[in-house]
């Protein structure tokens, strides 16, 4: 199992981002909130991330792939903040933070995905 400090850091960053995605539900209906569909999609991705944490921590190839994919999709949900004329500087800064943290979490977890797939090939 890839139980390195970087791997654990990537897992915990993913947990924190997933919880923030779910907490975004509290912004539905607020004045500067993103579209409701984006909030609901983000919350769904947060739930998917949380469900993938345990298998990912056990170096399951499927769990790791789902974790990385859900974080990538969550980061993509932040991109429209750069292109809408109604986004404030603060929301653009938050979007940038989310993107950077998602990329960082995926970069920390991705090497375990590679070694999990190598382990699968070697044991076959």
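Every read-out reported here was derived from the displayed coordinates using simple, explicitly stated rules and does not represent laboratory data. In this text, all values refer to a predicted model and were calculated from it rather than measured experimentally. All Cβ positions, glycine included, derive from the backbone under ideal geometry; neighbour counts span all protein chains shown.
Values (1) 101; (2) 91; (3) 121 are given for comparison; volume of the Cα convex hull per residue in Å³, derived from the coordinates here, is the one labelled (2). Would you please state the base-10 log of I(q)/I(0) at q = 0.17, 0.22, 0.31 1/Å for region 1-58, with intensities from the Debye formula using one equal scatterer on every alpha carbon? Taking Cα atoms of region 1-58 as identical point scatterers yields -0.58, -0.79, -1.17.
Between the helical axis of 5-23 and the longest alpha-carbon principal axis of the chain there is an angle of about 30 degrees. Per residue, the average separation of C-alpha pairs within less than 8 Å and at least 6 apart gives the chain a relative contact order of 31 percent. Estimated from the Cβ-Cβ distance and a Förster radius of 35 angstrom, the FRET efficiency linking residue 84 and residue 8 is about 0.45.
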